[in-house]
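Below is one structure, written out as structure tokens; the observations come after it.
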Amino acid sequence: MASVRPLVLELIRHTSCGLPEDVLDELARARDREEPGSRAYSTFERMIQNVEAAREASAPICQDTGTLIFYVDYGPDFSPHEIERDIVGAVRAATKKAYLRPNAVDAITGENSGDNVGVGSPYIHFHPRRAKGLRIRLMMKGGGCENVGAQYSLPDESIGAGRDLDGVRRCIIDAVQKAQGYGCAPGTVGVGVGGDRVTSYMESKEQLFRPLHDRNPNPTIAALEEELTESLQGLGIGPMGFGGKTTILGVKIGARHRVPASFFVSVSYMCWAYRKGELEIKGDKVYLSGRRMVPATPKRAPSRVAAKAATRTAKTVKAAKTTAKAAAKSAAKTAKTAKTAAKAAAKSAAKSVKTAKTAAKAAAKSATKTAKTAKTAAKAAVKSATKTAKTKASSKVAKTKTAAKVAKKSAAKTTVNTKLKAPKIPSRQASRRKSPLKVL
């Protein structure tokens, strides 16, 4: 027989991290019956969004992953001992992967087992059948809704319930009324009528595996289920006890034979996080909550030769992993050294650049100073040359003036001497003497 452990692990993940389609459909209908913007409408909207986010992240839709209740129907081709081993192994693996919260606590010491495995945990109910194949149903029932469950022994004078259908009706209404929002409404009510105290409760929980939209094959009980599903909405408890038009999602009732002296009515209340799932194997086909999953390929026990070869392969793989780790460590060390060297080189280069920059600044400053000095010297030289030229020009002018004075004086002297020696020029009056010519 092939191991079903990986399939059960997927069943747990699928059940913990989402809700069945019939429950999601009913939550959506309940939301649409409320006034948009009301507290009830917003609460239903948050519930649906929470389920969608949980499914996407493969995370539990509620922090309380509850009591794990497995119902196993197995054929002659499956061993209950191996199925139990695989279920327990899958529960441990699911807890490790955080699909489940560690919920198994010792009732005497209060110590948590840490892996959801303990005395009576998980609860597995085996039912053999003649047909081949395997069906595993899983229900995850939270502590809050389990605490508001109730059992009545009829007649019960406190609620006026006799040993008849009206008495059963009164028990159910009383249980839902007392649950209020403590059971995380809207709830689904599973009811077991008859049996003893144990089997009555078993019947009430088994009823919760039924689809919400099915119809009881017993017409009398079917009529009671429909009547209560409608009338209980009138309590107005609403989602999480905030008030609203939807208090329950459905009522499911089952009946068992009882002894004449006893008449038990057991009510199991399931919260809005109505987590249930089903795994079914038919030949080589596997179905998860009614949908085809993966082929169930049978696994044969390995031979001694194959086992030895597998061991050798495992050792080789381990040695390769060790070598790879060492190489990775060495590469990391080399990379670190190279990084340090690069940092040092970068620091040195930065220092050299800074020194060069400082030298360049000093050189530029010196050149500027030299240019300034040269400019000052040039100005002084120009000034000095100008002064010298001016002095020379002044001296020359002075000499010229002196020479001119001397020349003038000499000229004047010469003129005087010339005037003294020159012959006497006749006056103009002398030319006005009578002319010997006769004027006509």
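Among the helices (runs of 4 or more DSSP H) confined to segment 107-212, the ones with at least 2 residues that are surrounded by fewer than 22 Cβ atoms within 10 Å (Cβ to Cβ), hydrophobic (A, V, I, L, M, F, W, C) and not assigned by TED's automatic domain parsing to the domain that holds ILE83 are located at 165-179, 197-206.
The numbered conditions (1) part of a helix (DSSP H, G or I); (2) touching a residue at least 40 places away in the same chain (Cβ under 8 Å); (3) under 25 Å from GLY160 (Cβ atoms) are all true for ILE221 except (2). Does segment 272-282 include one or more residues that are among the hydrophobic types (A, V, I, L, M, F, W, C), in a loop (DSSP other than H, G, I, E, B) and surrounded by fewer than 17 Cβ atoms within 10 Å (Cβ to Cβ)? Taking every residue of segment 272-282 in turn, none turns out to be among the hydrophobic types (A, V, I, L, M, F, W, C), in a loop (DSSP other than H, G, I, E, B) and surrounded by fewer than 17 Cβ atoms within 10 Å (Cβ to Cβ). Being exposed (fewer than 10 other Cβ atoms within 10 Å of the Cβ), under 30 Å from ALA131 (Cβ atoms) and at pLDDT 80 or above, is that true of even one residue in segment 292-299? For segment 292-299, residues exposed (fewer than 10 other Cβ atoms within 10 Å of the Cβ), under 30 Å from ALA131 (Cβ atoms) and at pLDDT 80 or above: present. Scanning segment 275-291 for residues that are over 18 Å from TYR201 (Cα atoms) and in contact (Cβ under 8 Å) with a residue 40 or more places away in the chain turns up ARG275, GLY277, GLU278, LEU279, GLU280, ILE281, LYS282, GLY283, VAL286, LEU288, SER289.
Just for segment 55-66: of the residues that are touching a residue at least 12 places away in the same chain (Cβ under 8 Å) and either in a helix (DSSP H, G or I) or not polar (S, T, N, Q) (or both), which one is farthest from CYS145 (Cα to Cα)? Filtering segment 55-66 for residues that are touching a residue at least 12 places away in the same chain (Cβ under 8 Å) and either in a helix (DSSP H, G or I) or not polar (S, T, N, Q) (or both), the one farthest from CYS145 (Cα to Cα) comes out as ALA57. Only residues that are within 24 Å of ASP196 (Cβ to Cβ) and either buried (at least 18 other Cβ atoms within 10 Å of the Cβ) or among the small types (Gly, Ala, Ser) (or both) were counted in segment 229-271, giving 15. Filtering segment 118-153 down to residues that are without any contact (Cβ under 8 Å) to a residue 60 or more places away in the chain and of a type in the set (Val, Ile, Thr), which residue is farthest from GLY277 (Cα to Cα)? Taking the candidates together, the pick is VAL119. In segment 44-54, the count of residues that are closer than 14 Å to PRO186 by Cβ, without any contact (Cβ under 8 Å) to a residue 12 or more places away in the chain and part of a helix (DSSP H, G or I) is one or more. Among residues of segment 104-117 that are within 17 Å of GLY143 (Cβ to Cβ) and modelled with pLDDT of 95 or more, those with a Cβ under 7 angstrom from a residue that is among the hydroxyl-bearing types (Ser, Thr, Tyr) and in a loop (DSSP other than H, G, I, E, B), sequence gap 6+ or separate chain, pair up as ALA104/SER113.
Within segment 181-205, the only residue that satisfies the criterion of being in contact with a helix residue (DSSP H, G or I) (Cβ under 7 Å, 6 or more places away or on another chain), among the aliphatic types (A, V, I, L, M) and under 11 Å from ARG256 (Cβ atoms) is VAL193.
From the residues in segment 231-259 that are touching a Lys or Arg at 6+ places or on another chain (Cβ under 7 Å) and not in a loop (DSSP other than H, G, I, E, B), which one is farthest from ALA161 (Cα to Cα)? The extreme case among them is GLN233. Residue selection: SER262 fails the criterion of being under 19 Å from GLU203 (Cβ atoms), of a type in the set (S, T, N, Q) and either assigned to a strand (DSSP E or B) or at pLDDT below 95 (or both). Residues satisfying the criterion are absent from segment 31-47 (criterion: in the same structural domain as LEU134 (by TED's automatic domain parsing) and either under 23 Å from GLY244 (Cα atoms) or of a type in the set (S, T, N, Q) (or both)). Per the conditions (1) part of a helix (DSSP H, G or I); (2) touching a Pro at 6+ places or on another chain (Cβ under 8 Å); (3) more than 19 Å from LEU212 (Cβ to Cβ), the sole criterion not satisfied by ALA30 is (3).
The values are calculated or read from the model by the stated rules, or taken from the named source; none is laboratory data. Since the model is a prediction, treat every value here as computed from it, not as a measurement. Cβ coordinates were reconstructed from backbone atoms using ideal geometry, including for glycine residues, and neighbour counts include every protein chain displayed.
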